[in-house]
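Note sheet for the following structure.
No value in this document is a laboratory result; all are computed from the given coordinates. Remember, it's a predicted structure, so these values are computed and weren't measured experimentally. Positions of Cβ are backbone-derived with ideal geometry, glycine not excepted, and every protein chain shown enters the neighbour counts.
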Amino acid sequence: MGKIQKILVTGSAGLIGSESVKFFCDREYEVVGIDNDMRRYFFGSEASTDWNRKQLENKYKNYIHYTLDVRDEAEMEKLFKKFKYNLIIHTAAQPSHDWSVKEPLTDFSINATATLLLLECTRKYSPEAVFIFTSTNKVYGDTPNYLPFIEMDTRWELPKNHSFYKGINESMSIDNSKHSIFGASKVAADVMVQEYGKYFGLKTHIFRGGCLTGPAHSGTKLHGFLAYLIRCIARSEPYTIIGYQGKQVRDNIHSFDLVNAFFHIYQNPRCGEVYNIGGSRTSNTSILEAIAKTEKILRKKSVVKYVNQPRSGDHKWYISDVSKFKEHFPKWNFTYNNDQIIEDICRYGHFT
C-alpha cells in the first residue's frame, strides 16, 4: 500500500461510521474518528452509540477517537491542521425527520452548516482528499408517493412495466415536494457537496441512501426502522406500525455493502457525483414481511400496535435504483440480501 493512508470518519460510533472504521482499520489504514454521541441527545440513552465507540477504541490500535462536535469550527480547523487526510467519510447527522421538527435550527446546524464547514476544511487543508457524504432519499421528499402503486397482500408495489419498477434513480426531481425539515437540511448539504465538486474540483461524492442497516445500529423509535423492529420483537416490546397498513416498502442495504461502495470510490474517485444507494431489488421488504421473517428467526411472536395516520411525508414505497453506481463501479456488488440482513441483526444486534 506504500505510505499509510489516513481516513477521517465523522459520526464514527454510528452505524455507517463504525462500519467505516472497522473496514479501513482492518485494512491497516490509520483512522481518525469524530463522534460526541449526539444520538443520545436526539433519542435518549437507548440510542446511545457510546458502547460502539468503546468497542472500536478497545479493538483498534490504528483508530484515534475525538469526542468533538462537527459544528465547532475551531476544533475542526485544528483537526484538519493536525492531519492530512486521504479520505473523508462524513456520516455525522441528525437523522430523523420526526425529530427535526422539534429543533429545526439544531437539525440544520448539524446536517447543513457542519457539512459546509467540513467541505471548507477539506478545500483548505486536504484538497486532494476523496470526500464522501451520506445524504438521504428524503431529498426527493414525498414525490415517490405519487407513483401508481398497487396494493398487494403484504406490500405496495409498482406495475412491472413502470420505469421506476427496478427502483428510483437520480432523475427524480427534488423540487415541489414535502421533504420534512430533516429532508430540507440534507438537500442543502447534498447540493453543497455537489458544488464543492463541480465548482472547486474536489473529489466529492453523495450517496442518497434508502434504509442503511446492520447489527451495529442503535435502533430507536424515530430512526433505524429494521434494527428497531427486530429489537422490539427480541425484547417482547410493542412495535407500532404507522400507516399504510404496514405494507410500506423499504430497501435495506447492509452497512458493510455501503462502506465497500465507499472503498470502490476511494480507489477511483470522481467529482461531484450523486448516487442513489440501497438494497434495490436485491434487498427490500415491507414492514409486515419484516415482522414475519423476524418472528420466524427469533421464534417469538411480535406485539404489534397500529396507527392509521401515516407520518407526514413518509414514503409508501421506496426502492433504490443503483444502476448508475454499478455502471461507474462494475466490480462492486451486494454481499447481503434482505433475509441475510435480518438474520445478521437478529444474531448480532445491539438489544441491551
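What the table shows:
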| quantity | calculated |
| --- | --- |
| For the stretch 16-110, with +1 on Lys and Arg beta carbons and -1 on Asp and Glu, the positive-most of 62, 20, 97 along the dipole | 62 |
| Cα Rg over Rh - the stretch 123-231, Kirkwood | 1.04 |
| Cα-centred dipole magnitude for the stretch 51-177, charges only on beta-carbon of K, R (+1) and D, E (-1), debye, nearest 20 | 760 debye |
| Magnitude of the charge dipole, the chain, Cβ model with Lys/Arg +1 and Asp/Glu -1, debye to 20 | 540 debye |
| Two-decimal ratio, the stretch 198-262, of alpha-carbon radius of gyration to 2.2 N^0.38 Å | 1.46 |
| Alpha-carbon gyration tensor eigenvalues x 5, square-rooted, for the stretch 44-107, Å | 25, 19, 10 |
| Mean ellipticity per residue at 222 nm, deg cm²/dmol - from DSSP H runs of n ≥ 4 across the chain, formula -39500 (n - 2.57) | -11000 deg cm²/dmol |
| DSSP-loop chymotrypsin sites (Phe, Trp or Tyr not before Pro) across the stretch 21-113, with at most 16 other Cβ within 10 angstrom | 83 |
| Of every Cα-Cα pair in the stretch 160-293, the percent that sits beyond 25 Å | 37 percent |
| Most mobile listed residue (135, 312, 18) in the chain, GNM with C-alpha springs under 10 Å | 312 |
| Lysines with Cα under 18 Å of residue 78, excluding same-chain neighbours fewer than 8 positions away | 6, 124 |
| Cβ charges +1 (Lys, Arg) and -1 (Asp, Glu), total dipole of the stretch 145-288, debye | 140 debye |
| Using alpha carbons only: equivalent-ellipsoid semi-axes of the stretch 95-154, gyration tensor based, whole Å | 33, 17, 8 |
| Alpha carbon convex hull of the stretch 1-122, volume per residue in cubic angstrom | 95 Å³ |
| Relative contact order of the chain, pairs being alpha-carbon contacts under 8 Å that are 6 or more residues apart, as % | 19 percent |
| Amide H partners (placed H, <5 Å) of residue 304, local residues excluded | 239 |
| Length-normalised contact order for the stretch 21-149 - Cα pairs under 8 Å, 6+ apart - percent | 24 percent |
| Rounded to 5, percent antiparallel among DSSP beta bridges of the chain | 15 percent |
| Global geometry of the stretch 166-212, whether rounded, prolate or oblate, following the gyration tensor of its Cα atoms and the 1.5 cut on a/c | prolate |
| Longest site-free stretch - the chain; sites: trypsin sites (Lys or Arg not before Pro), DSSP loop, at most 10 other Cβ within 10 Å | 161-298 |
| Ranked 213, 335, 134, 220, criterion: other C-beta atoms within 10 Å, fewest first | 335, 220, 134, 213 |
| Cα gyration tensor, the stretch 1-65 - rounded (a/c under 1.5), prolate or oblate | prolate |
| Rounded to whole Hz, the Karplus (6.51, -1.76, 1.60) HN-Hα couplings of the stretch 84-95, x for glycine and proline | 9, 9, 9, 9, 10, 10, 9, 10, 4, 6, 8, x |
| At most 16 other Cβ within 10 Å, DSSP loop - chymotrypsin sites (Phe, Trp or Tyr not before Pro), the stretch 187-226 | 199, 200 |
| Residues 12, 45, sorted so that the one with the fewest Cβ neighbours within 10 Å comes first | 45, 12 |
| Whether the stretch 284-352 is rounded, prolate or oblate, judged on the alpha carbon gyration tensor where a/c under 1.5 counts as rounded | oblate |
| Kirkwood-based shape ratio for the chain, expressed as Rg/Rh from alpha carbons | 0.94 |
| Length-normalised contact order for the stretch 221-352 - Cα pairs under 8 Å, 6+ apart - percent | 43 percent |
| Rg followed by Dmax, in Å, when the stretch 213-352 is reduced to its Cα trace | 16.0, 49 |
| Neighbour-count order for 21, 139, 101, 322, fewest beta carbons within 10 angstrom listed first | 101, 139, 322, 21 |
| Separation of alpha-carbon centers, the stretch 277-314 and the stretch 135-160, rounded to whole Å | 15 Å |
